[in-house]
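Just below is one structure, and these are the notes that go with it.
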Amino acid sequence: DPDANYRAGFMPATGLYLGTRAHWSDLGGDFDGDTVLAGPDTIFIPDADDGTGYEFALGWMSKGWAMELSYTRIEYDGSIGSAPADIEYQAISWNGMRYLRANEQLQPCLLIGLVFPWMDLDDASSFGGPFGNAELDNGFGIQAGLGLAWWFGPHLALDLRSLGTYQVFEEAEGVSGDSGTID
């Protein structure tokens, strides 16, 4: 149907692709400034403001389907009470995507994936003395979301995504250098 913007011949190129993205992110859950992890160290989970960052991706696309491996880095301004405690988030993600209208210039997509994150928390740990940095490691998560890709041609697209991610961390390490398991 020519009136419905249907293009039988348009299809993004099949094969390997590279991607870069800018990120805006909001941390929820325990990042409220009230959560404390007690162990050999005391680790305070900062109250996090919205963060910005970037992502690099390597993927494979084939007729409306794509698989993507990506690296993400996001920085958040955070605080513990009135003291600054910034957060650096990094993750490796493996995502699968399905483009719903693979023969049109504007294509909605669905995304589901696995996330392997780690975090550095500035000045968020104490071992009975001055504050130092803490790390959250051995993270695992799942994510799902919706996107919209605007194809300028078979080899170039601008996409917008909205993702929800649930993730947990198994280990926390504070200023004493001892790594403890998070319950």
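Quick notes on this one:
- Between R21 and Y71, the simple spin-label model (points 7 angstrom out along Cα→Cβ) gives 1.7 nm.
- Using C-alpha pairs under 8 Å with a sequence gap of at least 6, the mean separation divided by the residue count of the chain gives a relative contact order of 18 percent.
- Relative contact order of region 50-154, defined on C-alpha pairs under 8 angstrom at six or more residues apart (%): 21 percent
- Interchain or long-range residues, amide H under 5 Å from G139's placed H: E170
- Take the Cα of Y54, step 7 Å toward its Cβ, do the same at E171, and the gap between the two points is 2.9 nm.
- What the phi angles of region 38-45 give under the Karplus curve with 6.51, -1.76 and 1.60, with θ = phi - 60°, is a coupling list of 9, x, x, 10, 9, 10, 9, 8 Hz, glycine and proline written as x.
- In this view, the solvent-accessible surface of E75, computed with a 1.4 Å probe and all protein chains in place, comes to about 90 Å².
- Annotation: per residue accessible area for region 1-148 equals 54 Å², rounded to a whole number [probe 1.4 Å, protein chains only].
- Over region 94-177, volume per residue of the alpha carbon convex hull, in Å³: 109 Å³
- Label-reachable residues, region 117-143, where backbone N falls under 17 Å from a point 7 Å from A38's Cα toward its Cβ: 125-129
- Along each principal axis, taking the top coordinate minus the bottom one, the Cα set of the chain gives 71, 27, 22 Å in descending order.
- For the chain, the carbon plus sulfur part of the accessible surface works out to 57%, probe radius 1.4 Å.
The values are calculated or read from the model by the stated rules, or taken from the named source; none is laboratory data. Since the model is a prediction, treat every value here as computed from it, not as a measurement. Using ideal geometry, Cβ is built from the backbone for each residue, glycine included, and neighbour counts are taken over all protein chains shown. Side chains are part of the model used for accessible areas, which takes the heavy atoms of the whole protein and leaves out ligands, DNA and RNA. Shrake-Rupley method; radii C 1.70, N 1.55, O 1.52, S 1.80 Å.
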